[in-house]
Structures are given as C-alpha cells and as structure tokens.
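Participant: If you scroll down you'll find the structure; I have some questions about it.
The values are calculated or read from the model by the stated rules, or taken from the named source; none is laboratory data. These figures come from a predicted structure and were not determined experimentally. Cβ placement follows ideal geometry from the backbone for every residue including glycine, while neighbour counts extend to all protein chains displayed.
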Amino acid sequence: MNNRKPFSLKWVPGFYKTIPNRLKMQNVLLRARIRNITDGLTMPEITNVPIGSGKRMEAAILFFDLKDFTSITSKLKNEQVLHMLNTIIPQMMHVVKRWRGEIEKNTGDGIMAIIGTETRDSFLIARDAIETAMAMRYIMLNAIQANFIEKGIPFLNFRIGIDMGEVLISRIGIDGTNHLVVIGDAANRASKLQGFAPSNGIVLGENMYSNLHSLLQGYCNEEKHEDWKWSYTQSEKPYRFFSFNLDFAEPSEWVKIIARLRYL
C-alpha cells in the first residue's frame with residue numbers, strides 16, 4: 001500500500017533550496033528589526049479564539065530545544081542572541097509546517113510541535129514526526145551551522161524528543177490572554193525524553209518506535225537512564241525509549257536513495 005512506504009517524498013531538493021533564500025531574507029529583516037527595537041511595557045495582542053474547548057486525538061509531540069543555551073548566550077550581546085533565535089526557531093517552525101504539524105508553543109530557545117492533526121493513521125503520524133526530526137537535524141547541521149560560521153556566531157547544539165499517543169488539545173485562559181495546551185502522557189514523555197537526548201540527537205518513546213516502519217526501527221537503539229521511571233499502567237512493564245540514528249542525505253541524493261528502495 002502506498003501509505004506504508006517507509007518515507008514520504010517531502011525531503012526533496014525543491015524544499016531544501018528554499019532555505020538559503022529564507023536565511024538571506026531573514027538576515028536582512030533581522031538587521032532592520034534589531035535597529036528598530038524600541039522600549040515598551042505592553043505585550044502584543046493575541047488572536048482572540050474560542051476558549052475552553054478541546055479536541056481528543058492521536059498525535060505525535062515533538063520537543064526541540066537548544067542545548068546549554070543560557071551558559072553559551074550569557075557571553076554574547078543581546079542582539080547576537082536575538083539573531084540566533086530568529087534564525088533557528090523560524091526555520092524549525094517551517095519544517096514543522098512542511099510535515100503538516102502545528103506549533104503548540106515557542107519556549108524561547110525551542111519549540112513544542114503537534115504532528116498528526118490531519119490523519120488518524122498512526123503509521124503516517126509516526127513517519128511525519130520522525131521525518132520532521134530528521135529534517136530539523138539536517139538543516140541545523142548543514143544550513144544553519146554554515147550560516148553562523150560565516151557570521152562568526154557560535155553554533156548551538158540541540159536536542160529532540162518525540163513520542164505519540166492520545167492527547168487532549170485545548171485552549172486555556174481568558175479573553176485576550178490564552179494559549180494552546182496539549183494534555184497527555186505523550187507530551188510529558190516527549191518533554192522528558194528531550195532531556196535525555198545527546199547533543200544533536202533524537203530520542204523517541206516506545207509508542208513512537210512501535211508505529212515506525214520496520215526499516216526505520218532498524219536505526220533505533222534502546223537506551224537506559226536512571227531518571228526514566230515510565231511504565232505501562234496495567235502490566236507495570238517498563239516503557240522503553242530509543243535513540244534514532246538515521247540522517248537524511250543531501251536532498252537530491254536522498255531522492256535517488258529512496259528510489260532504489262524496493263518499497264517505492
């Protein structure tokens with residue numbers, strides 16, 4: 001079945017070629033915005049949306065953050081830090097949108113994303129989520145790192161944690177001050193797993209692992225951590241987690257690689 005292929009066809013040269021132009025455009029806009037920074041006491045307005053409603057759904061939750069952000073950026077000028085964040089975070093958001101995900105929140109030095117809002121197929125949710133993480137890693141290590149080196153800005157390592165399961169998505173707050181929240185064990189696990197990821201690593205929970213194509217499961221290594229206490233409620237069997245060790249190739253080469261797979 002077409003949907004059972006291990007990879008989608010979203011990681012292609014056409015998508016990746018847009019990144020240098022977006023980075024150039026962002027650099028121009030950032031220089032203008034930094035020059036126009038003003039003092040202020042009021043928060044920007046938040047779009048008024050219905051509050052208190054919720055939606056229960058199967059989804060993957062992905063956490064991305066910059067490792068040792070505070071200790072590294074404490075030695076930099078505020079304008080440099082702003083440049084770093086305004087380069088990295090929008091690019092990661094763009095990747096999430098490419099794989100049909102939604103941004104739950106921007107944590108300042110990272111993002112929390114919901115993936116799977118357009119399908120109930122757990123296989124497709126897991127595939128989109130792992131490809132999102134793979135694209136994030138490739139873009140960080142290739143496009144953004146080169147951009148920072150060129151400008152003499154220190155590169156920041158990152159961590160990604162992912163898991164999936166049933167979650168409740170709701171908007172909490174009052175008129176004018178509200179935000180989207182994701183409630184559920186999958187979100188809690190993904191957040192915890194992000195902290196276990198090594199520099200530039202991807203870590204995922206067992207439910208995410210179980211829904212991956214068998215080809216991708218072959219790139220997963222089971223990991224252990226003394227602070228990992230999750231277990232299945234009924235059986236009390238430990239809930240496992242894994243590191244994921246497959247990287248996207250350069251997009252034009254990647255297209256050739258997946259074309260050679262017998263699955264396509």
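Participant: Identify the residue in the range 67-109 that is within 22 Å of residue 153 (Cα to Cα) and surrounded by 22 or more Cβ atoms within 10 Å (Cβ to Cβ) and, among all such residues, is modelled with the lowest pLDDT.
Facilitator: Going through the qualifying residues, I end up with 84.
Participant: Do we have any residue at all in the range 215-226 that's free of Cβ contacts under 8 Å to residues at least 12 places away in the same chain, among the acidic types (Asp, Glu) and either touching a strand residue (DSSP E or B) at 6+ places or on another chain (Cβ under 6 Å) or more than 22 Å from residue 69 (Cα to Cα) (or both)?
Facilitator: Filtering the range 215-226 for residues free of Cβ contacts under 8 Å to residues at least 12 places away in the same chain gives 217-218, 224, 226.
So of that shortlist, the ones also among the acidic types (Asp, Glu) come out as 226.
With either touching a strand residue (DSSP E or B) at 6+ places or on another chain (Cβ under 6 Å) or more than 22 Å from residue 69 (Cα to Cα) (or both) added as a condition, the list becomes 226.
Yes, some residue in the range 215-226 is free of Cβ contacts under 8 Å to residues at least 12 places away in the same chain, among the acidic types (Asp, Glu) and either touching a strand residue (DSSP E or B) at 6+ places or on another chain (Cβ under 6 Å) or more than 22 Å from residue 69 (Cα to Cα) (or both).
Participant: Which condition from (1) in contact (Cβ under 8 Å) with a residue 60 or more places away in the chain; (2) touching a Pro at 6+ places or on another chain (Cβ under 9 Å) is the one that residue 136 breaks?
Facilitator: If we test residue 136 against (1) in contact (Cβ under 8 Å) with a residue 60 or more places away in the chain; (2) touching a Pro at 6+ places or on another chain (Cβ under 9 Å), just (2) comes out false.
Participant: With respect to residue 110, is the statement that it is under 25 Å from residue 216 (Cα atoms) and either in contact with a strand residue (DSSP E or B) (Cβ under 9 Å, 6 or more places away or on another chain) or of a type in the set (A, V, I, L, M, F, W, C) (or both) true?
Facilitator: Values: under 25 Å from residue 216 (Cα atoms): no; either in contact with a strand residue (DSSP E or B) (Cβ under 9 Å, 6 or more places away or on another chain) or of a type in the set (A, V, I, L, M, F, W, C) (or both): yes.
Taking the combined requirement at face value, the residue does not satisfy it.
Participant: Something else about it: With the requirement that a residue be farther than 17 Å from residue 23 by Cβ and not in a strand (DSSP E or B), what does the range 97-113 give you?
Facilitator: Narrowing the range 97-113 to residues farther than 17 Å from residue 23 by Cβ: 99-113.
Of everything in the range 97-113, those that are farther than 17 Å from residue 23 by Cβ and not in a strand (DSSP E or B) turn out to be 99, 100, 107, 108, 109.
Participant: Right, here's the next one. Would you check which residues across the range 224-251 are within 14 Å of residue 205 (Cα to Cα) and surrounded by 16 or more Cβ atoms within 10 Å (Cβ to Cβ) and list them?
Facilitator: Residues satisfying the conditions are 228, 230, 239, 240, 241, 242, 243, 244.
Participant: Please tell me if residue 195 is under 30 Å from residue 19 (Cα atoms) and touching a residue at least 24 places away in the same chain (Cβ under 8 Å).
Facilitator: Working: under 30 Å from residue 19 (Cα atoms): yes; touching a residue at least 24 places away in the same chain (Cβ under 8 Å): yes.
Yes.
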